[in-house]
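Where a number appears in this text, it was derived from the coordinates with a stated rule and is not lab data. Treat the numbers as computed from the prediction; the structure is a model and nothing was measured. Methodologically, a virtual Cβ is constructed for each residue, glycine included, from the backbone with ideal geometry; neighbour enumeration extends over all protein chains shown.
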Amino acid sequence: MKIAQNQEVEFDEFSRACDLVEAYFGEMIDDVALHAPISRRQLIAVLARAQLSGRQFAIDGLTEQGEIVYQSTNETLLWLDGGFWTDMRGTHHLEPDESRAAREVHRQLIEALDGDVSYYNHDRDPFVLIERFDLYE
């Protein structure tokens, strides 16, 4: 399955990524999808694509491209410099509403863990890289 111009994954890998983001982000997906002009299913697919791309970027030094807010063996929460979500939109041919909704899910999670993110600005992109998560907890 081709998820981006230069990125192909097996369908079962994409399906697992969808299950992973749905379980990890939980109700935040519902909250954002309720107010976004995209469906819940679309949002899950965009979040899955971002995770698969984020894993590749992590290999290429993603954590060096911004500030780590929180890191554990399960996840890394970052404020990234540059245009991560703009790049995602171009790489995955996403509609602006799709990338904005996915970005909002990531922002809400960082805000939930980091508290007030009033220092947040639109020059930095929120991103949560899920390292591992037990779907069956």
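Close amide H pairs (under 5 Å, H built 1.01 Å from N) link Y70 with L77, residues at least 5 positions away or on another chain.
Peptides 43-54, 77-88, 11-22, ordered by how many other C-beta atoms sit within 10 Å of their residues on average, highest first, read 43-54, 77-88, 11-22. Kirkwood's formula applied to the C-alpha pairs of the stretch 20-84 gives a hydrodynamic radius of 13.1 angstrom.
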